[in-house]
Structures are given as C-alpha cells and as structure tokens.
1. Using beta carbons and a limit of 8 Å, which pairs, at least six apart or on different chains, have the first residue in region B:138-155 and assigned by TED's automatic domain parsing to the domain that holds B:I167 and open to solvent by 10 Å² or more (accessible area, probe 1.4 Å) and the second one within 12 Å of DNA strand C (Cβ to nearest atom) and hydroxyl-bearing (S, T, Y)?
2. Filter region B:69-83 for residues that are away from chain A (no Cβ under 12 Å) and hydrophobic (A, V, I, L, M, F, W, C) and give the result.
3. Just checking, which of B:V86, B:V101, B:V111 is away from chain A (no Cβ under 11 Å) and open to solvent by less than 50 Å² (accessible area, probe 1.4 Å)?
4. So B:L22 passes all but one of these: (1) outside any helix (DSSP H, G or I); (2) in contact (Cβ under 8 Å) with a residue 60 or more places away in the chain; (3) over 18 Å from the mean Cα position of the chain (by Cα). Which condition number does it fail?
5. Tell me whether region B:42-60 contains one or more residues that are open to solvent by 50 Å² or more (accessible area, probe 1.4 Å), out of contact with any Ser or Thr (no Cβ under 8 Å at 6 or more places or on another chain) and assigned to a helix (DSSP H, G or I).
6. Please go through region A:178-201 and pick out each residue that is away from chain B (no Cβ under 11 Å), exposed (fewer than 14 other Cβ atoms within 10 Å of the Cβ) and over 17 Å from A:S131 (Cβ atoms).
7. Looking at the structure I just gave you, is A:G96 closer than 30 Å to A:A199 by Cα, surrounded by fewer than 18 Cβ atoms within 10 Å (Cβ to Cβ) and within 14 Å of chain B (Cβ to nearest Cβ)?
2 protein chains.
Amino acid sequence: MSTTVYLVDDDEAIRDALGWLLQSRGLECHSHESAEAFLTAWSPTLSGCLLLDIRMNGMSGLQLFDKLLELGNRLPVIFLTGHGDVPMAVSALKKGAFDFVEKPFDDNELVNRVLEAIACDTQRRASDASSDSLKGRIDSLTTRERQVMTLILAGKFNKVIADELNISMRTVEVHRANLFEKMGVRTAVELSQLMSGQAHS
Amino acid sequence: MSTTVYLVDDDEAIRDALGWLLQSRGLECHSHESAEAFLTAWSPTLSGCLLLDIRMNGMSGLQLFDKLLELGNRLPVIFLTGHGDVPMAVSALKKGAFDFVEKPFDDNELVNRVLEAIACDTQRRASDASSDSLKGRIDSLTTRERQVMTLILAGKFNKVIADELNISMRTVEVHRANLFEKMGVRTAVELSQLMSGQAHS
DNA sequence: GTGCCGATTGTGGATATCCACAATTTTTCA
DNA sequence: TGAAAAATTGTGGATATCCACAATCGGCAC
C-alpha cells in the first residue's frame, strides 16, 4: 500500500471534486461512497490518511471512526462536515482525530491538512517499522535467552543471573553471547538502549 | 503551590457561580477578572488547571493562551465559551488545550473535566519532578565526568574512552566510579536506563 | 599563599566478562 | 523413534572492570 488519501463521502459531487483536487496535487485518492464500503476495504496496513464525512446514509463518519479505533486503525483521520458542532469536534479530536474541517473548506487549506496528516503517518510508519524489526529479533530469542536478557537489563552480574536461574555461570555466558548476537548488539549498554521503551516480560 | 483551579472570566456572576461550584466539590479556586490579571499572577510553578473564558474585555482567552504557551505554561487549559465556533475549538485543541466547553455547561460534566485536567497535571508534575532531579544529578557532574558518561553510554570500553580523551585508563576508571556514585547507579546498564530519553550532550 | 577541587596517573590484586575448544543432556517436532 | 534445536557444563586463557592505597599538578578563592 503506497500512501493514499482515502475519501469516504456519500455525496458523489464531493467525491468527484475532492478526488480531482487531490489528484491535481499529485495525491493518489481512493473514494468510497459509504462507511460500510470503506470498512470492507480497510486493513491495518493502509497508509496515508482518511478524509471522513460525518453525515452519511447508514453508518455515520463518527461511528466509522469509533469502529476503526476498535480495529486498531492508525491512519490519521480528518473529519469533513457541513453540520458539525463544537462538542462533536472536541470529542473527535480528543479521541485522536487528526483534524476536523467544516465545509465549505478552502482547497489549499484542506490540501495542507492532508499533507500534514500524511507526513504524520509516514513518520509513525517509520518508527513502527523499526519497532517491528526489534520485536522480530526478540521473538527469535529462546525462552532462556529472554530470561537472561531480562536479568541483564536489570543490571545483574552473570554470577547472580546464574544463581537466580539455577544454572552455571558458563551457561549464562553462552546465552548472553547468543542473545547479543541475535539482537545485534555488542554490549549490555547497547542492549539496554535498544530495549528502552520496549516491554520484554 | 498546591493544586488549584484558576478561573479567568470577566463576568462576575460566572466567577461567583463557578467558584462556588468548585469549592463545593472541595476544589480550591482562584478567580481573576481579566487575562492581564492572571498573567501577573502566573508562574511556571502553578499546579492544577486553568479555566479560561474566551470572550473577555482586553486580552481574549485565546490570546492569553497563546501568551502562556510562549511562556512555557504547562497548566492544562479548559476553554469556556458561549460563542465558540468549530474552527476555534479545533485550533485550540490542536495547540494543546485540554478541553473546550460551551456555555451553558453541565455542572457535573465540567467538574469531571476539571478533575481529569488536574489528574493529568499531577501526573505530568510527578514525571517532571523525577526528570528535574535527574537533571540536577547531571549538573553535579564535572565536565570530564560528563564526557566519560557520554562515551560509556555509547557502549565504549574504558580503554577506548581513555584513547579518545587522551588520558590513561586509570583516570577513566576514576571518573567512571565518581559519576556512577553521583548518578546513583551501580552499573552502566542502570545508567543507560536512567538516561534513556534524556539529552546529555 | 594556603587550601580545596578537579584532573591526572600508578600499582596490584580481586572480580567479571569474553571466547575458543569440547561435550552431554533435554526438549521438540516430524 | 530419530534428527534438530535448545539447554547445559567444563577448562583455560585473554580482556575488562572494580577498587584500595598513594601521589602529582593546575586553577581558584579566601
């Protein structure tokens, strides 16, 4: 999935106009005429951003937003509405919506918001990728190696680790060397920095 | 400064009503009749939250908010307004306001928002405190000790550090022991975890 | 100018880590 | 049941770290 602007609005005129606007600015745009239609197309791997009309036949934009939140959506959402009120906007933003724009909107303004949202998603995606690769390396560890790693990160000596796991120091050394290799680090400090911010129970 | 609700509104009736409401819920409340008056009372050490009316004579609530942002305010801000519109609310929230409430408001609702804001501030304050104490410990390090620490955090051996600083390994050992003592850690791993997320150039 | 602080270095020994060479036991999975 | 993966342990030596004891040198403040 390359970065794309997903547009959900039941008004064909708006879909056409916005689609044209976005494409004229070099942005790929996929339109859906209903929340339901977008839901079937949605996957956690989508990247870019989501333009979401609030008032629609069937599931509303707000309902779709809630549903996507449950599904773990990370795509930044920009709400579009002609009938928004303040509490609605406040609630949407506090739930994590990226923006909330009233119709009629200024074309340049909207495109700017879209570009910001895409930039935000790109950045999140990059940090996700590195944390995924880290998770992969952690998964490749054996149970013992993970136990040893945890104790190393607790700042304990091999001797103490051996004691707590009821194994010989030599075995700890082996696990230590192996897990350093798998995690791609050369020292405990590097490991600690790599793992900082990660859960590793 | 104990945790207090700061209220800025140029309508005396509202100040009285809100002040009464908050105090009846056990919340200390300090009222100010203008943005200017609050500004002179403001200090970075205030804790609690700020209830801010938007439409006021003189400096508006939004202007005060911007000014406080420049001054480095960390107090959560809840806007109160009888004439808010969606773009205004969106802009305020995107700038970091804690909430945006329209008048007339439900008493319980508002008190809940205030309690949330206070909880949020209390939490931030706690994490600030520990990071301040950390900063203090870092400040207590000598120049050399800081240099050595940086290299330790880069995962380098004493030998390499000695080389890079053109001093003997023994000297590095001394600095290392001293800075561990000052930072309150026993191993490089603990130091690394302590410093994770901190800048230490 | 005397004293304090920070930086510097040395010796020597106790601990700890790193690793090659070598091997056995246990678990897991097909 | 047999092969592969994982866990285990030992020896011995090279490196690294930790630390007490001891000392020199330069800058700065009172």
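1. That search, which allows pairs on different chains as well, returns B:G155/A:T187.
2. Step one: list which residues in region B:69-83 are away from chain A (no Cβ under 12 Å), which gives B:69-77.
Once the filter is applied, which keeps residues that are away from chain A (no Cβ under 12 Å) and hydrophobic (A, V, I, L, M, F, W, C), region B:69-83 yields B:L69, B:L71, B:L75, B:V77.
3. Details: B:V86 fails: away from chain A (no Cβ under 11 Å); B:V101 fails: away from chain A (no Cβ under 11 Å).
Testing whether each residue is away from chain A (no Cβ under 11 Å) and open to solvent by less than 50 Å² (accessible area, probe 1.4 Å) leaves just B:V111.
4. (1)
5. From region B:42-60, those open to solvent by 50 Å² or more (accessible area, probe 1.4 Å) are B:44-45, B:55, B:57-58; that's our starting set.
Filter again for out of contact with any Ser or Thr (no Cβ under 8 Å at 6 or more places or on another chain), leaving B:44-45.
If we keep only those that are assigned to a helix (DSSP H, G or I) too, we end up with none.
No, because not a single residue in region B:42-60 is open to solvent by 50 Å² or more (accessible area, probe 1.4 Å), out of contact with any Ser or Thr (no Cβ under 8 Å at 6 or more places or on another chain) and assigned to a helix (DSSP H, G or I).
6. Within region A:178-201, the subset away from chain B (no Cβ under 11 Å) is A:178-184, A:199-201.
With exposed (fewer than 14 other Cβ atoms within 10 Å of the Cβ) added as a condition, the list becomes A:181, A:184, A:199-201.
Residue satisfying the conditions is A:E181 alone.
7. Details: closer than 30 Å to A:A199 by Cα: yes; surrounded by fewer than 18 Cβ atoms within 10 Å (Cβ to Cβ): yes; within 14 Å of chain B (Cβ to nearest Cβ): yes.
So A:G96 passes the test.
Yes/no matrix, rows are residues, columns are (1) closer than 30 Å to B:K95 by Cβ; (2) within 16 Å of DNA strand C (Cβ to nearest atom); (3) among the basic types (K, R):
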residue	(1), (2), (3)
A:S131	yes, no, no
A:L134	no, no, no
A:S140	no, yes, no
A:R144	no, yes, yes
A:V174	no, yes, no
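The values are calculated or read from the model by the stated rules, or taken from the named source; none is laboratory data. Quick caveat: nothing in here was measured; it's all calculated off a predicted structure. Here Cβ is always computed from backbone atoms with ideal geometry, including for glycine, and neighbour counts include all displayed protein chains. Ligands, DNA and RNA are excluded from the accessible area calculation, which covers all protein heavy atoms including side chains. Shrake-Rupley method; radii C 1.70, N 1.55, O 1.52, S 1.80 Å.
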